[in-house]
1. Restricting to the range 378-434, name every residue that is among the aromatic types (Phe, Trp, Tyr) and crowded, with 19+ Cβ neighbours inside 10 Å.
2. Restricting to the range 85-119, and then to whatever is in contact (Cβ under 8 Å) with a residue 40 or more places away in the chain and among the β-branched types (Val, Ile, Thr), can you tell me which residue is surrounded by the most Cβ atoms within 10 Å (Cβ to Cβ)?
3. Please determine whether any residue of the range 202-213 is surrounded by 21 or more Cβ atoms within 10 Å (Cβ to Cβ), assigned to a helix (DSSP H, G or I) and within 17 Å of the chain's Cα centre (by Cα).
4. If the Cβ limit is 8 Å and pairs must be 6+ apart or interchain, which residue in the range 138-167 that is over 15 Å from Ser74 (Cβ atoms) pairs with which residue that is at pLDDT below 90 and among the charged types (D, E, K, R)?
5. Of all the helices (runs of 4 or more DSSP H) wholly in the range 255-314, which have at least 2 residues that are of a type in the set (Phe, Trp, Tyr)?
6. Those residues that are of a type in the set (A, V, I, L, M, F, W, C) and either in a helix (DSSP H, G or I) or modelled with pLDDT of 95 or more (or both), I need them from the range 432-449; list them, please.
7. Contact list please: Cβ distance under 8 Å, first residue in the range 405-424 and in contact (Cβ under 8 Å) with a residue 24 or more places away in the chain and within 16 Å of Ala103 (Cβ to Cβ), second residue assigned to a helix (DSSP H, G or I) and of a type in the set (Val, Ile, Thr), pairs at least six apart or on different chains.
8. Which members of the range 373-416 meet the condition of being closer than 18 Å to Gly181 by Cα and not in a helix (DSSP H, G or I)?
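The values are calculated or read from the model by the stated rules, or taken from the named source; none is laboratory data. Computed from a prediction, not measured in an experiment: that's the story for all the values here. Cβ: placed from backbone, ideal geometry, glycine included. Neighbour counts: every protein chain shown.
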Amino acid sequence: MDTQRRVSKVFVRLFRKSITLKPARHNCATARKLKLTRINWPRNMQKVETTRSLWRNPDFTLLWCGQLVSQFGSRISTLALPLLVLALTNSPAQTGFIAAVEALPYLLLSLPGGALIDQLNRKAIMIWCDIARIIAFGSIPVVFVFGKLDLPQLYMVALVAGITKVLFDITVLAALPNVVGAAQFSKAASLTFVGEQLAKLGGPTLGGILIGFGKTTVAGTVLAYLVDTITYLFSVVSLMFIKVPFQTQQQAQKLNSLWSNILEGLRFVWSQKHLRWMAILITCSNFLLSSLLITIVVLCQTRLGADTWLVGLTLSSAGLGGLIGAVATPPVLARFKPMEVFFGTLAAWTVTVVIIAQASTIWWVMAGFLLWGLVDMVFSINVITYRARLTPDHLQGRVISSFRVMTYGIEPLGLAVGGTLLGIIGANELLWLMAGGLVLCSIASGFLIKSPN
């Protein structure tokens, strides 16, 4: 017992030491002094040659490859978890409860997580998140071989998956500006989204193949989790070999000032006119579009009488559109100003919803949803790039988490309202309501094009 206590103490000391930032020799300017329309990027970013290909940047290549592999693993386990729960319990309700547990940290941890990410070592946070996922996901094949899988373990795995996803996703976005140069950030963000879209397209297919190898559904999902565990091990190794720091040197901060740091991030977003209105309009558009997917499913099956495989193909078209959009975004951002792209993509979203609403065949719905995925990718990369350019490095995590809580936190309400209206007025009429709301958002964003920040 004493030996176990000593090992535990050593592990805790090692963890605290790894995530704590070393104090710098100088103090950074506080957010109150940074009420500027333009903020300089970290020094290490300015040293990167703007003409050099991103693939010749070994740190970015390691980060991108590691995340691509682990994202494929994430998509595999996303398919495996509900199938495993259904196989063990034969209860769709339990599948929904576990999905809710996995999603809960997104709402509860985003703001405090963003504040912690700005105070602690970002690379260490990412590595420890991956290690936690290796332990959690790796426990499933271990228990399957030496014991018996049960619901409490799956709930714990889902909770760990949710917590680590929230922290890791915010951290990697906050770290990216330090890995590439300012002139290459939009290209780096585009390539990051290309990786995500490739994982969305190929991950579920690979997961289905792996699960099919098992003699039973349980055995197949266990195999899928084993592969997912290996992908996170690959991510840990790639992160360890990255040499560039994931944040600028800054004065170490006290962790007991967590809530004041959260408010500092929220105040910064509110003090920047363009960021403030971006957050408001994205929140409104997410409220309108959160029920788009289920509306399309209902439209295809009730009005158009489409087969199930055609409905699945239609939903997959957005992933293909996103892949095209990720490739097309850098030249768009090089040609137009951020607020022009913001207005244009909101207006284009309106057009895609109108195409779907007036569709007389499943192929028009597919075309509209493909265009929606393309526009969504240009929209997302533009917002992320512009936000990163306006935000000082020591506030990146807090600004990202503030945005996510405001813009994504509205989606459950949008789903509830959209689902209710879907049952009352029908899919086609709901799509026209979405289009009308997006017209208002587009008009509001148009006033920001000539407006100074």
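1. First, pick out the residues of the range 378-434 that are among the aromatic types (Phe, Trp, Tyr): 379, 386, 403, 408, 432.
Once the filter is applied, which keeps residues that are among the aromatic types (Phe, Trp, Tyr) and crowded, with 19+ Cβ neighbours inside 10 Å, the range 378-434 yields Phe379, Tyr386, Phe403.
2. The residue in question is Ile117.
3. Yes: the range 202-213 contains one or more residues that are surrounded by 21 or more Cβ atoms within 10 Å (Cβ to Cβ), assigned to a helix (DSSP H, G or I) and within 17 Å of the chain's Cα centre (by Cα).
4. As it stands, the answer is Leu159/Glu102, since those pairs meet every condition given.
5. Details: elements: 258-271, 273-289, 292-298.
Here the list reads 258-271, 273-289.
6. First, pick out the residues of the range 432-449 that are of a type in the set (A, V, I, L, M, F, W, C): 432-435, 438-441, 443-444, 447-449.
Those that are of a type in the set (A, V, I, L, M, F, W, C) and either in a helix (DSSP H, G or I) or modelled with pLDDT of 95 or more (or both): Trp432, Leu433, Met434, Ala435, Leu438, Val439, Leu440, Cys441, Ile443, Ala444.
7. Thr407/Ile282; Thr407/Thr283; Ile410/Thr283; Leu415/Ile294
8. Across the range 373-416, the qualifying residues are Thr391, Pro392.
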